[in-house]
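Read the structure below first, then the notes.
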Amino acid sequence: MTVDGPSVTPPLPGPRSRELLERMDALLYPGLAHGLGPFVIRRKDGSFIEDVDGNVFLDLISGMASVPLGAANERIMRAAIDAHAGLGMEDAHFYAHEYLLPLAEQLLAIAPPGLARVDIALNGTEAVETMIRFMRRATGRPIVIGFMGGYHGEAGTAGAVGAETGDLSAGYRALMPGFVHVPYPNPYRTPFEPRPGGTGDGTVDFIRDHLLFHAVDPSEVAGIVIEPVLGSGGCVAPPEGFWTALAGLCDEFGFLLGVDEVKCGYGRSGTMFAVERWDVRPDLMALGKAMGGGVMPIGAVLGTERAMGFDDLSTGSTWSWFPASCAAALETLAVFRDEPVLENVRAIEAVGRGSLDAIAAADEGVGEVRAVGCFQAIELVRDRATKERDADRQERLARGIAERGILADASTTSLNVQPSLVLEPDRLRAAYDVIAEVLAEVR
């Protein structure tokens, strides 16, 4: 597949994609079928996707941030294929294989200080669930504090600690006790202001002064689970002062701090792990998505001795850290060591800031734009004063740019742009030119 750029013949879906999607609609669970995009993929190459009708798109979604280094990265594919050919499947909970120890060692070597243990997981959702189980076991406490706007998966415990939108946990949230939620420290939308003499952050003041006074006894709180940068919820980073205040709260009451780096980790936020941007030292960290280089599924939980220094909790699932996944994860780390990936992310962030600022200046319907590494977003509003979201215009923008060959994620709060970490910055700049043109057309 050799391409010079996007090339789409509207409307979408094309005839072959339409036929296949209609056949899927009759067979698949409707909740899956009705959420599929307007084409069927035939192949991928780097940051480009070709559908079954021959349309070519620039991919600024990256498998929901699980494909960090371009589709089917040759180095990572070869490592996974070789491992699978030599070992096939093995349950790493029963027999260790030769890839397990090197991966654990290399993860801890680059992890934030204090993280000293590794547990294995199949994916990010499982890693988050295991992280919460460690949190409760280590403290002997039942309650976990999560954040409104956060996304941690859509099953069981991970779905209950998340609260991006109410429908994601409909039908089972009431069956999953032990979670309370506060608004994410979103500088654009937070209802809180720091109080005089408080912690220095309005969200942490609310937790300390109100939640822990009126609703929850601190002695029952195991810890806090948070995305260091909101992913699906809008590519939002907390304000200055939040992390210092949160760390102080955890120290005061003995809470464990668990960070969900499934989406914002592995370079997407501009540093290997997002917490490095603020020198945060968590007690637990969940990994997934990009950990397998976009080639194989894999997740992990990293923790301190306090958080994971016991042996009486059974964790994981059969396919966690099977050999090919570990080989892919090891080669992914090697790419980060050998190639200027993080330097490119910083260049992409700079391009994003410039282009997004220009888009915001030209359109009164843009409430806020954000760029944190390869997490970038446009939040559309009906009125800048009221900040009422304009979901309809956002959907029309996403459809319009797709028909111009640009794929971005119309999330619950914003149009999220999350390119490959190795995308050429000039391609992103050109994509934003298209986005600006279509935005002007869908007023």
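Give me the pairs: first residue in the range 204-223 and under 13 Å from Val182 (Cβ atoms) and modelled with pLDDT of 95 or more, second residue charged (D, E, K, R) and open to solvent by less than 80 Å² (accessible area, probe 1.4 Å), beta-carbon distance under 7 Å, and six or more apart or on different chains, which are they?
Val221/Arg141
Within the range 61-156, which helices (runs of 4 or more DSSP H) (wholly inside it) include 3 or more residues that are open to solvent by 30 Å² or more (accessible area, probe 1.4 Å)? Spell out the reasoning first.
Values: elements: 62-65, 74-87, 100-110, 124-139.
Result: 74-87, 100-110, 124-139.
Could you tell me which residue of the range 7-43 is most open to solvent (accessible area, probe 1.4 Å), considering only residues that are within 22 Å of Ala408 (Cα to Cα) and assigned to a helix (DSSP H, G or I)? Spell out the reasoning first.
Filtering the range 7-43 down to residues within 22 Å of Ala408 (Cα to Cα) leaves 7-14, 17-18, 21, 31-43.
Those left that are additionally assigned to a helix (DSSP H, G or I): 17-18, 21, 31-33.
Details: Ser17: 0, Arg18: 108, Leu21: 36, Gly31: 51, Leu32: 88, Ala33: 16 Å².
So, considering only residues that are within 22 Å of Ala408 (Cα to Cα) and assigned to a helix (DSSP H, G or I), the one most open to solvent (accessible area, probe 1.4 Å) is Arg18.
Using the structure shown, decide if Ala247 is open to solvent by 20 Å² or more (accessible area, probe 1.4 Å), part of a loop (DSSP other than H, G, I, E, B) and at pLDDT 95 or above.
Answer is no for this residue.
So which residues in the range 266-292 are in a loop (DSSP other than H, G, I, E, B) and free of Cβ contacts under 8 Å to residues at least 60 places away in the same chain, if there are any at all? Spell out how you get there, then give the answer.
Quick first cut of the range 266-292, residues in a loop (DSSP other than H, G, I, E, B) only: 266-273, 279-283, 288.
Hit for the range 266-292 is Asp279, nothing else.
Condition test on Gly270, is it modelled with pLDDT under 95, within 19 Å of the chain's Cα centre (by Cα) and either more than 25 Å from Val417 (Cα to Cα) or open to solvent by less than 20 Å² (accessible area, probe 1.4 Å) (or both)?
So Gly270 fails the test.
Pick from the range 347-362 the residues that are surrounded by fewer than 16 Cβ atoms within 10 Å (Cβ to Cβ) and charged (D, E, K, R): which of them is farthest from Pro425 (Cα to Cα)?
Asp357
Let's see how each residue does on (1) part of a strand (DSSP E or B); (2) surrounded by fewer than 16 Cβ atoms within 10 Å (Cβ to Cβ); (3) among the charged types (D, E, K, R):
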| position | (1), (2), (3) |
| --- | --- |
| Glu368 | yes, no, yes |
| Ala371 | yes, no, no |
| Ala377 | yes, no, no |
| Leu380 | yes, no, no |
| Asp383 | no, yes, yes |
| Glu395 | no, yes, yes |
| Gly400 | no, no, no |
| Arg404 | no, no, yes |
| Thr413 | no, no, no |
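Considering only residues that are in a helix (DSSP H, G or I), out of contact with any strand residue (DSSP E or B) (no Cβ under 9 Å at 6 or more places or on another chain) and either closer than 20 Å to Glu126 by Cα or among the aliphatic types (A, V, I, L, M) (or both), which ones fall in the range 159-194? It would help to see each step written out before you state the result.
We begin by selecting, within the range 159-194, every residue in a helix (DSSP H, G or I); these are 159-161, 166-169, 173-175.
Those still in the list that are out of contact with any strand residue (DSSP E or B) (no Cβ under 9 Å at 6 or more places or on another chain) too: 159, 166-169, 174-175.
The answer is Gly159, Leu168, Ser169, Ala174, Leu175.
Can you pull out every residue in the range 34-57 that is among the aliphatic types (A, V, I, L, M) and in contact (Cβ under 8 Å) with a residue 12 or more places away in the chain?
The first filter runs over the range 34-57 and keeps only residues among the aliphatic types (A, V, I, L, M), leaving 36, 40-41, 49, 52, 56.
Matches in the range 34-57: Leu36, Val40, Ile49, Val52, Val56.
I need a count of the residues in the range 203-244 that are assigned to a loop (DSSP other than H, G, I, E, B), more than 23 Å from the chain's Cα centre (by Cα) and under 30 Å from Leu380 (Cβ atoms).
Keep residues of the range 203-244 that are assigned to a loop (DSSP other than H, G, I, E, B), which gives 216-217, 227-241.
Then keep just the ones that are more than 23 Å from the chain's Cα centre (by Cα); that gives 216-217.
Still in the running and under 30 Å from Leu380 (Cβ atoms): none.
The number of residues fulfilling the criteria is 0.
The values are calculated or read from the model by the stated rules, or taken from the named source; none is laboratory data. None of the values given here were measured: they were computed from a predicted structure. All Cβ positions, even for glycine, are placed from backbone atoms using ideal geometry, and neighbour counts span all protein chains on display. Remember, those area values only see protein heavy atoms, side chains included, never the ligands or the DNA or RNA. Shrake-Rupley method; radii C 1.70, N 1.55, O 1.52, S 1.80 Å.
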